[in-house]
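Written out below as structure tokens is the structure these notes cover.
The values are calculated or read from the model by the stated rules, or taken from the named source; none is laboratory data. All values derive from a computational prediction rather than experimental measurement. Note: ideal-geometry Cβ built from the backbone for every residue, glycine included; neighbour counts use all protein chains shown. With ligands, DNA and RNA removed, areas are computed over all heavy atoms of the protein, side chains included. Shrake-Rupley method; radii C 1.70, N 1.55, O 1.52, S 1.80 Å.
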Amino acid sequence: MSSNDFIIIAIDGGAASGKSSTARALSERFHLLHVDTGSFYRAVTAELLCRHVNHADLPAVRAALAALQFGTRVAGRFAGMEINGRVAGDEIRSKEVNEHVSFFAAVPELRQALLAYQRGQVEVARRHGFRGLVMEGRDIGSVILPDADFRFFLHAEPMERARRRVAQGQQDTIHERDRLDSSRKTSPLTCPPGAIVIDSTRLTLEEVVATMAAPIAARLAAP
Ligand code: CDP
């Protein structure tokens, strides 16, 4: 990779492990498009809940998905998902979405419906003149972008993650979501082979970002 190359960074990890804050910081530092795939699963979940679709009713999930058109609206450095022309708002962080999202995310048809869309964000980043993209989620380094230039896996002790979520003012079921996300058959949450693993329990955000930025900066500086 030379300093002119487009950089692709994958960050995976459990709920409240620090993916979004670190991805945001890296996107600023290296001028990357920030792609939060959790926000995609959340937006689709909010939309399906709004349409009264039950995650266990596969024909209804399929029919609802067929009626959804996905687009991307770039705001600053963030890739916002459009569903039928509308970008979802704060409802994607609601208690109801927190409770249902992992059930919808375990439906193979739904994951399949989002696969090409997520990979398509690389082209969105290029089109908008970004230096690359940082994509965060559960299966980015393993399934969505297995050839990413850098793959990170974040984790933190459960008590610390619960504390962070409460500090964000959210009612969330992070341990239950982790259990569902790690045990599902399709694209479970796993640490991809070769990923740089960071335990952020006793680190500040700045320390985590510095650990991630170091190998990226070194690679970009290499002749
Ligand atoms: O912010 P937090 O880490 O709590 O969750 P998120 O990244 O917003 O993701 C919400 C949910 O979407 C997760 O609990 C997973 O069920 C699902 N998800 C997934 O299955 N695959 C991804 N690549 C990203 C999210």
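When only the heavy atoms of the protein chains count and the probe is 1.4 Å, how do Met81, Met159 rank by accessible area, highest first?
Sorted by accessible area, descending: Met159, Met81.
Percent relative contact order of the range 75-223, based on C-alpha pairs within less than 8 angstrom and at least six residues apart?
Worked out over the range 75-223, it gives 27 percent.
5 Å is the cut-off here: which amide hydrogens, built 1.01 Å from N in the peptide plane, fall below it relative to Phe78, excluding neighbours closer than 5 in sequence?
His34
Multiply the residue gap between Ser94 and Ala67 by 0.36 nm, knock off their C-alpha separation, and tell me the result in nm, one decimal place. If you can, show how the numbers build up before the last one.
Working: separation 27, 0.36 × 27 = 9.72 nm, distance 2.34 nm.
Value of the extension gain: 7.4 nm.
Which distance in nm do the two modelled labels at Asn54 and Glu160 give, with both placed 7 Å along the Cα-to-Cβ direction?
Using points 7 Å along Cα→Cβ, the separation is 4.1 nm.
Which Rg and Dmax, in Å, describe the Cα atoms of the range 122-223?
Considering the range 122-223 through its Cα atoms, Rg and Dmax are 15.6, 48 Å.
Taking every pair of alpha-carbon atoms in the range 7-218, give the share separated by more than 30 Å as a whole percent. Walk me through the intermediate numbers first.
On the way: 3773 of 22366 pairs.
Result for the distance tail: 17 percent.
At Gln171 and Phe78, where each label point lies 7 Å from the Cα along Cα→Cβ, what is the point-to-point distance in nanometres?
2.3 nm
Order Glu207, Glu136, most accessible first, counting only protein heavy atoms with a 1.4 angstrom probe. Don't skip to the end; give the middle numbers.
Values: Glu207 85, Glu136 5 Å².
Result of the area sort, largest leading: Glu207, Glu136.
Any idea of Ile216's accessible area? Nearest 10 Å², probe 1.4 Å.
Accessible area of Ile216: about 0 Å².
Which order, highest average first, do 62-72, 122-132, 44-54 follow once you tally other Cβ atoms within 10 Å for each residue and take the mean per peptide?
Values: 62-72: 14.4, 122-132: 16.7, 44-54: 18.5.
By packing density, highest mean first, the sequence is 44-54, 122-132, 62-72.
What is the percent carbon and sulfur in the accessible area of the chain, measuring with a 1.4 Å probe over the protein chains and ignoring ligands? Write down the numbers at each step before the final one.
Working: 5610 of 10390 Å².
Answer for the chain is 54 percent, counting heavy atoms of protein chains only.
How tilted is helix 95-105 with respect to the longest principal axis of the chain? Cα atoms for both, answer in degrees (0 to 90, nearest 10).
Once rounded, one gets 80 degrees.
Just to confirm, what accessible area per residue do you get for the range 98-184 at 1.4 Å probe, in whole Å²? Don't skip to the end; give the middle numbers.
On the way: 3930 Å² over 87 residues.
Heavy-atom accessible area per residue stands at 45 Å².
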